[in-house]
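Worksheet: one structure, shown below.
The values are calculated or read from the model by the stated rules, or taken from the named source; none is laboratory data. No experiment lies behind these values; they were computed from the predicted model shown. We place every Cβ from the backbone using ideal geometry, glycine too, and count neighbours over all the protein chains shown. The accessibility values were calculated without ligands, DNA or RNA, using every heavy atom of the protein model including side chains. Shrake-Rupley method; radii C 1.70, N 1.55, O 1.52, S 1.80 Å.
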Amino acid sequence: MVDFMREETCFVSSSCVSDKWPTWHAWSVMCTRGWYKGERHRKQVWAMYMSTVLDYAVTRSGWIQQDSLWWQETMQGFDWCINQEDVFAYELWRCMRTMRETEALRMELRRTGRMPERAVLRSSSVDKWLEDRLAGCLSAHVYGEPANTKWGALGSLASCISNDIIDAARDEAAGEPSNACLSLGLPREGAIRAGMLFQLLAMEVAIDCGQMGVLWLIAGTIAFWFTYRRYNYEMLTRMSPCTPVQGAVELPEVYVDVLKACGTFNTGAYEDVYERVMGKMAALCPSVLVEGPVPVEELALVAAGIRDLERSIDGTNSGSAVVACAAALCKLQREVPALGDMLADQVTVVGCAVSLHPTCGMYCRALWQAVHCDGVRHDD
């Protein structure tokens, strides 16, 4: 994986590289189709690294002291981006301004032993709440919609929930003010169940309305957090049993309003919605006829990753094949775009299926953690 990363212009060989590269670069691979769009697209990814530095500097001891090369390279990407007059550049500036204020406040409160005030997620404040999550940059990077549009709000809010479900217990312990599962005024268990249903319904609305960019942002983010080293299924299966999510799930008003702004939706028992949406997603993965040579090694890595994902339901996967799969996908999308995009679809669908599964998915394990664990945050 590191050998492939060295081929990328945005790669910097320094400490914390196993976190730096996947944080935004591999996320972009999972969320976009035909992603290899040249220097502009890649510099957008590089500019988003700045948010990681701001966030991790407060919550991860290993990031507080960054080497000069890493910092200089990241700042160059950021400087390049803010000089561009487009949606992404404006969203980056807007979100980074809010993040910087929030993180400065958190650092000051930590010195006094206090916790920051919890941000409240309401229909009237969705856009402001999303600013602190860099959410507008997510939707602007993938399909050109800022967070203050209806499709920008749907895609960016649903994609934020992926990380928030897994981190709910730890974020509460660390005083994170902007976790969706902690900002709804609901018990953690109810908020996580609502987040899982909202993600399924958001993907279905996107499919029904032909908004494929929104779909792949949400689904790709779900699949990415599954493959990411810090959150992969192997780690969760070691730590947690499952708490099933079945039957009716109540959606908070803010989720209902965001969905209604984009289209009609039909709720029901969680397991029924899951089967319906996964069926629609599977139908979006046609076979592709590929002309010319195919990188056999990368194809094998992707196939192994898909098998590993499928085995996740019964807990027999190792997790390592899934991580290698993301780098192989990146190369395939560059060298054989049609095949790479088709395989990215398959990986994404399988990743969503095993994350959102109603009885033994990754979120069911995260749900058990949120209810039973103390939420101590580690620096891994």
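Brief remarks follow.
- Listed by first and then second residue, the pairs with beta-carbon distance under 8 Å, at least 6 apart or on different chains, first residue in the stretch 172-200 and at pLDDT 90 or above, second open to solvent by 30 Å² or more (accessible area, probe 1.4 Å) and β-branched (V, I, T), are L197/T267.
Okay, residues lined up against (1) modelled with pLDDT under 70; (2) outside any loop (DSSP other than H, G, I, E, B); (3) open to solvent by 50 Å² or more (accessible area, probe 1.4 Å):
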site	(1), (2), (3)
M278	no, yes, no
V288	yes, no, yes
G292	yes, no, yes
V302	no, yes, no
L309	yes, yes, no
I313	yes, yes, yes
V323	yes, yes, no
D345	no, yes, no
A353	no, yes, no
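- Of everything listed in (1) open to solvent by 20 Å² or more (accessible area, probe 1.4 Å); (2) of a type in the set (G, A, S); (3) in a helix (DSSP H, G or I); (4) closer than 17 Å to D257 by Cα, the single unmet condition for G213 is (4).
- Residues in the stretch 147-173 that are over 19 Å from Y363 (Cβ atoms) and open to solvent by 10 Å² or more (accessible area, probe 1.4 Å) were compared, and the one that is farthest from the chain's Cα centre (by Cα) is A173.
- Put simply, of W71, W80, W63, W93 the only residue that is open to solvent by 60 Å² or more (accessible area, probe 1.4 Å) and at pLDDT below 70 is W71.
- Any pair with Cβ under 6 angstrom, 6 or more apart, that starts in the stretch 266-279 at a residue that is acidic (D, E) and ends at one that is in a loop (DSSP other than H, G, I, E, B): E271/Q246; E271/P358
- For the stretch 133-146, the criterion of being surrounded by fewer than 19 Cβ atoms within 10 Å (Cβ to Cβ), small (G, A, S), under 20 Å from the mean Cα position of the chain (by Cα) and at positive phi is satisfied by at least one residue.
- Which numbered condition T264 misses (of (1) touching a Cys at 6+ places or on another chain (Cβ under 6 Å); (2) open to solvent by 10 Å² or more (accessible area, probe 1.4 Å); (3) at pLDDT 70 or above): (1)
- Residue count for the stretch 175-201, restricted to those that are open to solvent by less than 10 Å² (accessible area, probe 1.4 Å) and in a helix (DSSP H, G or I): 10.
- Residue count, the stretch 7-58 (criterion: modelled with pLDDT under 65, within 30 Å of Q211 (Cα to Cα) and hydrophobic (A, V, I, L, M, F, W, C)): 3
- Residue match in the stretch 246-259 (condition: crowded, with 21+ Cβ neighbours inside 10 Å and of a type in the set (D, E)): no
- Picking from residues in the stretch 328-343 that are part of a helix (DSSP H, G or I) and among the hydrophobic types (A, V, I, L, M, F, W, C), the one that is most open to solvent (accessible area, probe 1.4 Å) is A338.
- Count of residues meeting criterion [assigned to a helix (DSSP H, G or I), among the small types (G, A, S) and in contact with an Asp or Glu (Cβ under 9 Å, 6 or more places away or on another chain)] in the stretch 106-156: 9
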